[in-house]
Amino acid sequence: MFNEISEILDAGFDGKEAAIRGWIHRTRSSGKIVFAVLRDHTGVVQVTVKAGNLPDAEFEDAVKALVETSVEVRGTVKKDDRAPGGYEVLASGFNVKSFAQPYPITKDQSEEWLREQRHLWVRSRKMTAIMKVRSTMTGAIHDFFRSKGYHEFTPPIFTPNACEGGATLFEVKYYDREIYLTQSWQLYAEAMVFALGKVYDNAPTFRSEKSKTSRHLTEFWMAEMEAAWLTYHDVIAVAKEEIKFIIERILEYNQAELELLEVDSVKLAGMLEKDWPTITYTKALQILKEKSGMDIEWGKDLRTVEEEEIMKHFDTPVAVVQYPKAIMAFYKPVEENPDDDPPGPVAKCFDMLAPDGGLEIVGGSERDTDIERLIASLEAEDEDVKNYDWYLDLRRYGSVVHSGYGLGVERTLQWILGLENIKDAIAFPRTMTRVSP
Ligand code: 4AD
Ligand code: MG
């Protein structure tokens, strides 16, 4: 029987015998004593190996063992304020399972080198903490929707259709024809709401982004929802509630990780108490002009710089609604009663922007139920309408108002943890220039 390291870092274990196993995180020796910090998935603890307390051969192995050597240790737990975590294990047994070669990762290496070594760097305390929070987050997404009566529906990944425009589609050779990797589950979710009413998923999503930025991946995870009978205002309320639920869970389960990653959890908790505003695109341009002196022509999509600037004026996420119809995907319907007086047609759509950087973490909308307008929009985008005939059937057989959104899992994690680069929000990032390891 082995103990997990977190278990023995507890007052109740002081003076007791323990058996732990893991990997050497750090080690130093001086003559007849070795201090090895051992790591497992629950934490780290100092193992003190003194010659004479264990068989000579095992002591010699402890002296030789390099970082990342795997080992089983037996010994007595003892309180020691100088040790990380406040306890050490005085070893009476040090059983090396596999000696490690000199480890390629040392201090002060570049981010890109660490990404080259990602298969090893995932063992770092930083990446381990991030991946634990990610696991909490994706678990919370399932719990949130299930508790509200949503059904999980998983989409096909190979698809004949574009959802978010042709520019970022990945083509795949599929026998003797070309198809695509999915850009969003949405079109299939729209079919499913006529059967299941309310659906959600968390699935891999692909975009052949043409630029290298700190906020774009080519393969990422999108957690989407779609529901019959709901308007875009209804689903904005769901999105705000979902993100608050995710934050609450992380605060509940991941205090240790938040501390290690130097996240201000008081600030995060404070966001749960506040109402998160909804503003129009037109209002966002006004804010840019009046508060930041940036004059953006109405009708242009917001760029990263502008999203960042807008969010300097807010301390919670904000839903920006009613973007110009002309720059929106084909399925977003026109809003006939806009909140302000925009100079052109706007859509029933929203983006959720996050404070501290202006990341777009969610995108969603109502879906056009007018088949003629859908066909016209597809044609305007040079799409082959034939490929969408199955989708148009959804408007021919009992169409109803329906809406949904997609939450970027890595974007949301990047924001919550304050990660500089989205590549650290996923274990094995895929970007324009990186497909390995
Ligand atoms: O805003 P997007 O493009 O919306 C859709 O795909 C809709 N069909 C979703 C829906 O209504 N069901 O993407 C949704 C979110 C973005 O807000 C962003 O958080 C994330 O997906 N995202 C990316 N994350 C990482 N890398 C990329 N290249 C991303 N592109 C979008
Ligand atoms: Mg978007």
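Values in this text are rule-based calculations from the coordinates and carry no lab data. Only a predicted model underlies this, so the values are computations on that prediction, with no experimental measurement involved. Positions of Cβ are backbone-derived with ideal geometry, glycine not excepted, and every protein chain shown enters the neighbour counts.
Taken over segment 68-91, the criterion of being among the small types (Gly, Ala, Ser) and more than 20 Å from Gly12 (Cβ to Cβ) is satisfied by Ser70, Ala91. Taken together, Leu181, Leu196, Leu169 contain a single residue that is out of contact with any His (no Cβ under 9 Å at 6 or more places or on another chain) and away from ligand 2 (no atom under 16 Å from the Cβ), which is Leu181. Note on segment 342-372: among residues that are more than 16 Å from Pro324 (Cα to Cα) and away from ligand 2 (no atom under 16 Å from the Cβ), the one that is surrounded by the most Cβ atoms within 10 Å (Cβ to Cβ) is Pro355. Residues in segment 391-404 include none that are in contact with a Phe, Trp or Tyr (Cβ under 8 Å, 6 or more places away or on another chain), within 16 Å of ligand 2 (Cβ to nearest atom) and closer than 30 Å to Met131 by Cβ.
In segment 315-344, the residue that is nearest to ligand 1 (Cβ to nearest atom) out of those that are of a type in the set (S, T, N, Q) and in contact with a helix residue (DSSP H, G or I) (Cβ under 8 Å, 6 or more places away or on another chain) is Gln322. Among the residues of segment 208-232, those identified as outside any loop (DSSP other than H, G, I, E, B) and among the small types (Gly, Ala, Ser) are Ala223, Ala227, Ala228. Figure legend. Inter-residue proximity from segment 180-204: first residues within 14 Å of Ala162 (Cβ to Cβ), second residues within 16 Å of ligand 2 (Cβ to nearest atom) and of a type in the set (A, V, I, L, M), beta-carbon distance below 6 Å, spacing 6+ or different chains. Indicated pairs: Tyr180/Leu169. Would it be correct to say that Trp113 is surrounded by 14 or more Cβ atoms within 10 Å (Cβ to Cβ) and within 29 Å of the chain's Cα centre (by Cα)? Against the criterion (surrounded by 14 or more Cβ atoms within 10 Å (Cβ to Cβ) and within 29 Å of the chain's Cα centre (by Cα)), Trp113 does not qualify.
The set of residues in segment 67-85 that are in contact with a strand residue (DSSP E or B) (Cβ under 8 Å, 6 or more places away or on another chain) and farther than 13 Å from Val37 by Cβ comprises Ser70, Glu72, Arg74, Gly75, Thr76, Val77, Lys78, Lys79. Might you let me know whether segment 24-45 holds any residue that is closer than 20 Å to Ala129 by Cα, polar (S, T, N, Q) and in contact (Cβ under 8 Å) with a residue 12 or more places away in the chain? Yes, the conditions are met somewhere in segment 24-45. Looking at (1) without any contact (Cβ under 8 Å) to a residue 12 or more places away in the chain; (2) within 16 Å of ligand 2 (Cβ to nearest atom), can you tell me which one Ile422 breaks? So Ile422 meets the others, but not (1).
All of (1) outside any strand (DSSP E or B); (2) under 21 Å from the mean Cα position of the chain (by Cα) hold for Ala319 with one exception: (1). Here Ile141 passes the criteria (1) within 16 Å of ligand 1 (Cβ to nearest atom); (2) under 25 Å from Glu248 (Cβ atoms); (3) in contact with a Leu (Cβ under 7 Å, 6 or more places away or on another chain); (4) hydrophobic (A, V, I, L, M, F, W, C) except the one numbered (3).
So if I check each of Ala256, Ala239, Ala269, which one is among the hydrophobic types (A, V, I, L, M, F, W, C), within 16 Å of ligand 2 (Cβ to nearest atom), outside any loop (DSSP other than H, G, I, E, B) and out of contact with any His (no Cβ under 8 Å at 6 or more places or on another chain)?
Values: Ala256 fails: within 16 Å of ligand 2 (Cβ to nearest atom); Ala269 fails: within 16 Å of ligand 2 (Cβ to nearest atom).
Selected residue: Ala239, the only one of Ala256, Ala239, Ala269 that is among the hydrophobic types (A, V, I, L, M, F, W, C), within 16 Å of ligand 2 (Cβ to nearest atom), outside any loop (DSSP other than H, G, I, E, B) and out of contact with any His (no Cβ under 8 Å at 6 or more places or on another chain).
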